[in-house]
1. Taking segment 134-145 as the region of interest, how many residues are part of a loop (DSSP other than H, G, I, E, B) and surrounded by 11 or more Cβ atoms within 10 Å (Cβ to Cβ)?
2. Working only within segment 3-20, note down all residues that are over 14 Å from Ala46 (Cα atoms) and of a type outside the set (Phe, Trp, Tyr).
3. Restricting segment 11-26 to residues that are outside any loop (DSSP other than H, G, I, E, B) and within 16 Å of the ligand (Cβ to nearest atom), which is most open to solvent (accessible area, probe 1.4 Å)?
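The values are calculated or read from the model by the stated rules, or taken from the named source; none is laboratory data. These figures come from a predicted structure and were not determined experimentally. Cβ: placed from backbone, ideal geometry, glycine included. Neighbour counts: every protein chain shown. What goes into the accessible areas is simple: the full protein's heavy atoms, side chains included, and nothing from ligands, DNA or RNA. Shrake-Rupley method; radii C 1.70, N 1.55, O 1.52, S 1.80 Å.
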Amino acid sequence: MIKYALVCAKGHDFESWFADSAAYDKQAKRGLVSCPHCGSAKVEKALMAPRLSGTKKRARAAERPAPAPASETPAPAPVAMISPQEQEFRAKLKELREHLTQNASDVGTSFPEEARKMHYGETEHRSIYGVASLEEAKELVDEGIEVHPLPVIPEDRN
Ligand SMILES: [Zn+2]
């Protein structure tokens, strides 16, 4: 489909859709394109309509610019300007994470179970870390068990 800005002999501007430029030419020639304001079949493309020039193929390309393929558009990526204070905070987070992972036991997916055991005095208190689903973490919090998400630090790229 192609949209043309048209103008009738009396100067009324209007727009109309056509299957392609050839369809417009055909319909205009037969007087099938008429002005919606005065009904005049004497219409022509308004000046802002794409100009037909060069070969037919070139003209078509000019009339119907192909939309850029989505793959060519780079996907937006998270970016940030990091202040020195935040750099420091980030370094501390990294330290904390390293400290935790070096001094606590990785209990993996049995984290919720292990956390409960400690909370209810079935095992000694110690530092553990592992994984818990959001649902599991919520349940632990509901039971009064304090859990903290382990800080996740995006990998340094430099
Ligand atoms: Zn008119």
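1. Qualifying residue count for the region: 2.
2. Of everything in segment 3-20, those that are over 14 Å from Ala46 (Cα atoms) and of a type outside the set (Phe, Trp, Tyr) turn out to be Ala19, Asp20.
3. Among them, the one singled out is Glu15.
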